[in-house]
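The values are calculated or read from the model by the stated rules, or taken from the named source; none is laboratory data. For clarity, every value in this text was computed on a predicted model and none was experimentally measured. Cβ placement follows ideal geometry from the backbone for every residue including glycine, while neighbour counts extend to all protein chains displayed. Surface accessibility is based on the protein's heavy atoms, side chains included, excluding ligands, DNA and RNA. Shrake-Rupley method; radii C 1.70, N 1.55, O 1.52, S 1.80 Å.
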Amino acid sequence: MREIKAVDLIRLACAILLPPLGVFLQVGLTGQFWLNVLLTLFGYIPGIVHAVWIIARR
């Protein structure tokens, strides 16, 4: 099982408050970031789910 670091907790907090920011901190300006921006524009909850998934899988 992977250890949870303080940086991961900060990214998760950012992902809940502003999902694209959490994804940006994890992957930068990649396709995942732009997908998250789009999901967040369609609905706040899909953006959060995607951001948490991106942060949790890496």
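Which members of segment 18-58 meet the condition of being in a helix (DSSP H, G or I), under 20 Å from ASP8 (Cβ atoms) and among the small types (Gly, Ala, Ser)?
If the condition is that a residue be in a helix (DSSP H, G or I), under 20 Å from ASP8 (Cβ atoms) and among the small types (Gly, Ala, Ser), then GLY22, GLY47, ALA51, ALA56 are the ones that fit.
With surrounded by fewer than 19 Cβ atoms within 10 Å (Cβ to Cβ), on the phi < 0 side of the Ramachandran plot and of a type in the set (Gly, Ala, Ser) as the only criterion, which of GLY31, GLY47 stands out?
GLY31
ILE4 fails exactly one of the following numbered conditions: (1) open to solvent by 80 Å² or more (accessible area, probe 1.4 Å); (2) modelled with pLDDT of 90 or more. What is the number of that condition?
Among (1) open to solvent by 80 Å² or more (accessible area, probe 1.4 Å); (2) modelled with pLDDT of 90 or more, ILE4 violates only (2).
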